[in-house]
Structure formats: structure tokens, C-alpha cells
Amino acid sequence: MATDDEDTSPPPRFGDERFDLLGGPVPDPDAEPTAAERAHARTFAELVDKTMAGRTPPAMSADDRALLEVATVIRAASGGLPLAAGKRRELVEDVLRQAVGVGAGGAGANLSGGVTPIARGRARRWAPWLIAGASTLVAAAAIAMLWLRPLPRPVPVAEAVPARWTSRATDPLIGPIPRDRAGDAGARIDYIFADRLDGYRERRFGPGASGSRGGKP
Amino acid sequence: MRKRTRIHAWLGALALAGGLLVSLAIASGVGCSTEIPPGQSGSVTKVPEPGDVIDQDLMIGLAQAKNFHHKAKVYMSDGNLAAATASVRQILSLHFPAGAPEAEDVRLDARALLAKLLVSQGQLEEAMRTVTEGLAQASRESFFVANLHTVQGEIHEARAAQLEEAKDPARAAEEKRAAIAAYDRSIRINEELQKRLMGGK
């Protein structure tokens, strides 16, 4: 039985008679792999690795190319090759479109046949709640502003109170004070007191006064 | 089924937004109704603030001032100038409602009488201090301020007389000039106030 150590033959090349694995006789399943088979397996493994890494050799034998395609299909079928998100979405939508009977046509088919893309469908589902949330925020802010803003203080109206009821300067009542009456403050206070007492009584006890009891003091 | 669910979602959201807008409109209406249009009072039935109108405190203050003046007059008629001075001095410490214009007028007038009493007792410096303090505390020009300037002129005249007796004609002349200046201020204030009062009619 031949081993790797005993195999001193050069590695198989394209066109080599020993290299015709696909066209040659099928070896016995229990037979040990020959050195040529091992060498070819190693070479093919490198070829597969390069292809997976995106460095596919520009030239190869038709047999190798066929084997390489089979290997690629097997790898994709086993789930080891993830699809891009866009491609996956397209495939899912294509399948869903076929399922609802809108009409297939592959990933590039026209989507205007009543089927909403998944992304747009999600946006449509959230849109009402986004609008409602925004409206809620705006309304809450407006209500808070209305409640929190300071109200203008009511200004008392001078016209509501007659001037004779108000506390005011006594200049118009007294007038200019002659020099010979400069010290006559006693007479002036009598006059001021009498005038203000009239206003006070009118305000407290007059007919239109607040707190009036209807009679004269 | 999905279409119906989506329609329900839209309807729910629109109902929520509509309800909020209605509540906002109601809140706006309430807010607007509480606003006071310019030129209108908050309430025509508002009770005037103390100090705006003649109230009991003001009347009590005036009555007390009146009584102290009467008391001083009695003392003066008896020739008891010291007691009369003390009585008038008490008017300066009477309580009046804050900001009442009558309070300032009454106090200035009391200071004028007090200064004259002090002059008559020969206390010219105390009299001048009484007048100066009163003028410093005055918040506006009034006939009582003018009267106080008149009294100030009289004090300057009294000082001039004392200086003339003391054979100090130079300082006496200064005092006389100060007296004239005080009388001039009094005249100016009286004229301006009279013009203002006549124009206000």
C-alpha cells in the first residue's frame, strides 16, 4: 500500500493522465488515497480557500472549476455564507409576493403591485403613533405655558374712587402760606383734618359707599 | 386584517391628537378669558388699597397732630414755650399710613412751627437743623416746603441780627444774603405751584 512518504512523484498538473479524477475509474471507497489524490486535494483546498477569500485564480481547469462551483453551492446551502441585508430582504419580499399571489419577478420586480416593502411597512405602522406623540408633546407644552405664565396684575382704577375719598397732597386745600402765617400750623391742621374727615365719612357712610349702612353718621 | 389594524391605529392616533387639540383650545379660551384688556381694570368692585384712600389710620394721625397743635397753642398762650416746643415735636413722630401725602405736609408744617418756637427761644442752630432736616426729607415741592424756606430765611435774619449785635458785619451780611436766597426759593416754589394748580383746572 502506498503512503505519502513513499510517494515521491511530482504533483499532478493539468493534462496529466493521473489527474483525470472525474473521467477516470471510481476508486474503491475503502482504498487508501494515493499520493496524487492527496496532492490534488491539497491543491484544491488552496483553490477553495482563495476563492472564499475573493482571490479566485483567473485560469483553472474545467474540472477544478466544476468542483469549485459545487463546493461554493455546498457552502452556501450549509448556511455558512451570510447574505447581505438588502439581498435577504429582497428575497423575503419576493417569496412573500409569490405567496400572496401578486406576481413574482425576482428581486428586481416592480413593487407597485400592492405589496409594501418591509421597511416602509414598519414606518407606516409607527407613523400614527409618532404623529400622536408629537401632538401630545406640543399640546402639553402649550397647556403648561398657559398655566405657568404670570397673569397680569389687575391695576386699580383711580376713576373708581372719587378724588375726595383719596389720600392726597393738601397744597390745593391750603394754598400759598403768607409769611405772617408761617407759624400758623394749628389753623392749617384744623382745615386739613376737617376736609379729610368729610371725605372719610362720605367714603365710609355715604349712599354709594362700600360698607354703608344706609344712614348718615 | 393588517389593513384593518392599521386603520384602527390611525383612528386611535387621530382621536388622541384631536382630543388634545380640543383640550388645548379650551385651555387657550380659559387663558384668554383671564387676560385683562389694556385700559380696563381687573375688577371694578375692587376695594381700594389702604393708603390709596382716606382711612382710619390717616384720620387718627391727623387727629393726633391736630390735638398736639392745640396743646402747643395752649402752652404758648401761657408763655410755656418749652412745653409748646415739646408738644409740636411729638407731631414729628406720629404714625401715618405709608406714603400718605398728608403726612409729609403735616410734618413739614410742624417743623416750620417748631423752628419758629426755637427761634423765639434763641435756639437758632437747633431751629436751622429742624428746617434743614425737613427740607432734606421732602419728597416733592409743596407750599409747606416753600413755607419752610420762608422760616429758614427768618432764621438767617435772626442770625444776622445776632451777628450785628456781636459786631460781625461781614458774617451778618452773609446771613442776610442767605435769608434773601431762602425767601427767593420760597417765592419760586410758590409761583410754580400756583401755576401748576391753575393750569390743572
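The values are calculated or read from the model by the stated rules, or taken from the named source; none is laboratory data. Bear in mind that the values here come from a model prediction, so they are computed numbers and not experimental data. Cβ placement follows ideal geometry from the backbone for every residue including glycine, while neighbour counts extend to all protein chains displayed. All accessible areas refer to the heavy atoms of the entire protein, side chains included, with ligands and DNA or RNA removed. Shrake-Rupley method; radii C 1.70, N 1.55, O 1.52, S 1.80 Å.
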Report, as an integer, the average count of C-beta atoms from other chains found within 10 Å of each Cβ along B:189-198.
-> 2
iface B-A | buried accessible area, total | probe 1.4 Å | Å², round 100 | 4400 Å²
How many partner chain Cβ atoms sit within 10 Å of a residue's Cβ in peptide A:186-199, on average, as a whole number?
-> 6
